[in-house]
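The values are calculated or read from the model by the stated rules, or taken from the named source; none is laboratory data. Keep in mind that what you see is a predicted model, and the values were worked out from it rather than measured. Please note: Cβ atoms are built from the backbone with ideal geometry, for glycine as well, and neighbour counts cover all protein chains shown.
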Amino acid sequence: VAGLLSGKRALVMGVANDHSIAWGVAKALSQAGAEIAFTYQGDALGRRVRPLAETLGSDIVIPCDVEDIASVDATFAQLKERWGGLDILVHCIGFSNKNELKGRYADTSRENFSRTMVISAFSFTELAKRAAEMMGPGGSMVTLTYGGATRVMPNYNVMGVAKAALEASVRYLAADYGPQGIRVNAISAGPVRTLAGAGIADARLMYDFQRRHSPLRRPVTIEEVGGAALYLLSDLSSGVTGEIHFVDSGYNIISMPSPEGLKR
Ligand code: NAD
């Protein structure tokens, strides 16, 4: 893959630490020769992200809270000043109140529903719009989703509804930007142990269940998600847009787990 992305400029949003899916993607893009700019949410995460960025030779590390549109605009103003243009956007951002990532979806509050939607779904639309303004033909964007968007996962609740909106946004944005030669896709990752993942009640049960019952019988790594992102963000996938690509050890194809898996 060396040189696949040489000369390309990528904005990677959502690194919290070296377990973050965004970090797996950043490493893959960097190995392929891309220059990377990072955003982080809040000073505490900034202190973690800055040294990680340095290991990939990046000194563009910008604070950005997607709940605050002024912060989003400031990020793109800074990026424009530094780079002028942009080739790649990686959106690995999600949030919902932990108290509602358990129990029944039916009990979701209006306040948390709106907040989850804005941060986890609508932010991608707002970021895509600003990124597209800086992109030429060949630009590519990827966001991260989860199978709970289309099938019920215990405790995933309002995040599942937000991911459904995010996946629909991917299709609409792909249609909007396709004529400009800009592609928009999503990766639907299997469970990965991250900060965000730990907010879901019984996350470990979900992780173990998918590990035991997926065709590959193992969880995916952030490096594997990075590999798929590299494909979607490079010209290797130049004919692909509006796609939800599963990187989940094949879990999504299973209806009933195998009897052998159930006995283990
Ligand atoms: P993570 O905790 O490492 O990353 C989540 C990121 O979202 C953090 O960097 C956090 O700062 C950022 N974020 C939250 N609210 C924000 C805000 N208001 N403004 C800016 N940034 C904000 O966890 P992760 O699992 O790597 O999550 C990345 C993406 O992958 C999320 O969209 C998540 O839903 C998705 N995903 C995760 C899994 C999993 O099992 N971990 C599976 C499928 C999809």
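Details
- For the condition at pLDDT 95 or above, in contact with a strand residue (DSSP E or B) (Cβ under 8 Å, 6 or more places away or on another chain) and of a type in the set (Phe, Trp, Tyr), TYR156 does not qualify.
- One residue stands out in the stretch 155-187 among those that are crowded, with 24+ Cβ neighbours inside 10 Å and among the small types (Gly, Ala, Ser): the one that is farthest from GLY227 (Cα to Cα), namely ALA162.
- Residue within the stretch 62-79 that is surrounded by 13 or more Cβ atoms within 10 Å (Cβ to Cβ) and away from the ligand (no atom under 16 Å from the Cβ) present: no
- Among residues of the stretch 80-114, those that are assigned to a helix (DSSP H, G or I), touching a strand residue (DSSP E or B) at 6+ places or on another chain (Cβ under 8 Å) and surrounded by 15 or more Cβ atoms within 10 Å (Cβ to Cβ), counted: 1
- VAL192 being part of a helix (DSSP H, G or I) and either out of contact with any Leu (no Cβ under 7 Å at 6 or more places or on another chain) or among the charged types (D, E, K, R) (or both): no
- Residue in the stretch 155-165 that is without any contact (Cβ under 8 Å) to a residue 12 or more places away in the chain and part of a helix (DSSP H, G or I) present: no
- With respect to being modelled with pLDDT of 95 or more, more than 14 Å from the chain's Cα centre (by Cα), farther than 18 Å from ILE222 by Cβ and of a type outside the set (Val, Ile, Thr), ALA70 fits the description.
- Once the stretch 7-33 is narrowed to residues that are within 11 Å of the ligand (Cβ to nearest atom) and in a strand (DSSP E or B), the residue that is surrounded by the most Cβ atoms within 10 Å (Cβ to Cβ) is VAL12.
- Taking the stretch 127-141 as the range and being more than 11 Å from the ligand (Cβ to nearest atom) and either surrounded by 23 or more Cβ atoms within 10 Å (Cβ to Cβ) or within 19 Å of THR75 (Cβ to Cβ) (or both) as the test, the residues that pass are ALA128, LYS129, ARG130, ALA131, ALA132, GLU133, MET134, MET135, GLY139, SER140, MET141.
- Among the residues of the stretch 200-255, those that are of a type in the set (A, V, I, L, M, F, W, C), over 19 Å from the mean Cα position of the chain (by Cα) and part of a loop (DSSP other than H, G, I, E, B) comprise ALA201, LEU216, ILE254.
- Lone qualifier among SER96, SER58 - being within 11 Å of the ligand (Cβ to nearest atom) and either in contact with a Cys (Cβ under 8 Å, 6 or more places away or on another chain) or modelled with pLDDT of 95 or more (or both): SER96
- Test: residue in the stretch 169-187 that is among the charged types (D, E, K, R) and within 9 Å of the ligand (Cβ to nearest atom): no
- ILE222 vs. criteria under 17 Å from GLY103 (Cα atoms) and either touching a strand residue (DSSP E or B) at 6+ places or on another chain (Cβ under 7 Å) or of a type in the set (Val, Ile, Thr) (or both): no
- The one condition in (1) within 9 Å of the ligand (Cβ to nearest atom); (2) surrounded by fewer than 16 Cβ atoms within 10 Å (Cβ to Cβ) that VAL1 fails to fulfil: (1)
- Within the stretch 128-152, residues that are on the phi > 0 side of the Ramachandran plot have Cβ atoms under 8 Å from residues that are assigned to a helix (DSSP H, G or I) in these pairs: GLY138/ASP235, counting only partners at least 6 apart in sequence or on another chain.
- Taking residues in the stretch 188-211 that are at positive phi and near the ligand (Cβ under 8 Å from one of its atoms), and partners anywhere that are modelled with pLDDT under 95 and part of a loop (DSSP other than H, G, I, E, B), not one pair has Cβ atoms closer than 6 Å while being at least 6 places apart or on different chains.
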